[in-house]
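Undergrad: Before I ask anything, here is the structure I am working with.
The values are calculated or read from the model by the stated rules, or taken from the named source; none is laboratory data. Quantities reported herein were computed from a predicted structural model and do not represent experimental measurements. When we count neighbours, we look across all protein chains shown, and the Cβ atoms used for this are built from the backbone with ideal geometry, even at glycine.
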Amino acid sequence: MFSDTCVVERVPVERSSMRLAVSESSRHSYYIRLKLCLDWMIALVLFIASAPLVAILALLVKMTSRGPAFYTQTRLGLGGRTFRIIKIRTMHHNCEASTGAVWSLPGDSRVTGLGRLLRDTHLDELPQLLNILAGHMAFVGPRPERPEISKKIERALPDFRARLAIRPGVTGLAQMRLPADTDLQGVRKKLAHDLYYIREANLWLDIQIVFSTGFYFVGAASQALCKAMVKSHGLEVERNLQDDESCGSESYEVGAA
């Protein structure tokens, strides 16, 4: 969770102003326009190919928890314009009603059982292909942040808004190299990576990030499925172990008495 208490000082980031980011991205204006067309064509093919899988996953979500199958959330896009990002729902419905906008941390109790598998495999992000088709997002770019959380971050990192010089991405350099945001220092590192991408954006860099994402996805999906297949047996072993430890503790108390 990113709370007000952890934003206590302004942290400068080298060469990171909105004006500089815009000027740097304008140097690649030809590629940015080409990228828009490439993103749209690839997203259309992938959306058609993945539609049956998304439909099955949506049905499973409806069958295993209350609430809608899909989840939309306001995010900041190009130039600070807001849009609604689309994902398959992985948390309990209306789970932020009492807490407001907070980051999801490891072991988050708001995540459903099926949602944990979808998050681990990143299959919950497939509907974001619609955001690419709508022109809100790109395949590669800075992670789109929530307006409520972005305001808190900007109190400490005013240059955080420079990320809005280009469209946000489903994946990106920062996402591939660093873990999910949990504190201000992590955000600062990701910001540096995002500004580097804005400055150096080109086709070869995007190809490297996309292939890196593909390898990561296959690895994450394989690991998540392996864990899911043997989870029930592992839980049974843990329960038996707890029972044995409980019996052993009782035997020791009786012997001591």
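Undergrad: Checking the condition of a type in the set (Gly, Ala, Ser), surrounded by fewer than 20 Cβ atoms within 10 Å (Cβ to Cβ) and under 30 Å from ARG33 (Cα atoms), which residue from SER212, SER246 passes? Walk me through how you get there before you give the answer.
TA: Numbers: SER246 fails: under 30 Å from ARG33 (Cα atoms).
Among SER212, SER246, only SER212 is of a type in the set (Gly, Ala, Ser), surrounded by fewer than 20 Cβ atoms within 10 Å (Cβ to Cβ) and under 30 Å from ARG33 (Cα atoms).
Undergrad: Let me ask you something else. Would you mind finding the one in VAL54, VAL8, VAL102 that is at pLDDT 60 or above and not in a strand (DSSP E or B)? Steps first, answer last, please.
TA: On the way: VAL8 fails: at pLDDT 60 or above; VAL102 fails: at pLDDT 60 or above.
The conditions single out VAL54.
Undergrad: If you don't mind, another one. Among all residue pairs at least 6 apart or on different chains, which show Cβ distances below 8 Å where the first residue, located in region 62-82, is of a type in the set (Val, Ile, Thr) and the second is surrounded by 14 or more Cβ atoms within 10 Å (Cβ to Cβ) and in a helix (DSSP H, G or I)?
TA: THR64/LEU114
For (1) at pLDDT 90 or above; (2) surrounded by fewer than 11 Cβ atoms within 10 Å (Cβ to Cβ); (3) more than 24 Å from ALA134 (Cβ to Cβ), each residue gets a yes or a no:
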site	(1), (2), (3)
MET63	yes, yes, yes
THR72	yes, no, no
GLY77	yes, no, no
GLY80	yes, no, no
HIS92	no, no, yes
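Here's the yes/no breakdown for (1) crowded, with 17+ Cβ neighbours inside 10 Å; (2) in contact (Cβ under 8 Å) with a residue 60 or more places away in the chain:
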| position | (1), (2) |
| --- | --- |
| PRO168 | yes, yes |
| LEU173 | yes, no |
| GLY186 | no, no |
| GLY219 | no, no |
| CYS226 | no, no |
| MET229 | no, no |
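Undergrad: Pick out the one residue from HIS193, HIS136 that is buried (at least 16 other Cβ atoms within 10 Å of the Cβ) and closer than 24 Å to LEU44 by Cα.
TA: Details: HIS193 fails: closer than 24 Å to LEU44 by Cα.
When all the criteria are applied, what remains is HIS136.
Undergrad: Report the residue count in region 151-166 for those that are surrounded by fewer than 19 Cβ atoms within 10 Å (Cβ to Cβ) and either not charged (D, E, K, R) or not in a helix (DSSP H, G or I) (or both).
TA: Of the residues in that region, 2 qualify.
Undergrad: Oh, and also: Say we look at region 175-219 and pick out the residues that are of a type in the set (Phe, Trp, Tyr) and within 24 Å of SER29 (Cβ to Cβ); which of these is nearest to the chain's Cα centre (by Cα)? So that I can check it myself, show each step before the final result.
TA: Applying the first criterion (of a type in the set (Phe, Trp, Tyr)) to region 175-219 yields 196-197, 204, 211, 215-217.
Narrowing further to those that are within 24 Å of SER29 (Cβ to Cβ): 196-197, 204.
Working: TYR196: 20, TYR197: 18, TRP204: 23 Å.
Among those residues, the one meeting the criterion is TYR197.
Undergrad: Now for a separate question. Please work out if ALA221 is touching an Asp or Glu at 6+ places or on another chain (Cβ under 8 Å), at pLDDT below 80, closer than 27 Å to LEU118 by Cβ and among the small types (Gly, Ala, Ser). Show your work before the answer.
TA: On the way: touching an Asp or Glu at 6+ places or on another chain (Cβ under 8 Å): yes; at pLDDT below 80: yes; closer than 27 Å to LEU118 by Cβ: yes; among the small types (Gly, Ala, Ser): yes.
Answer is yes for this residue.
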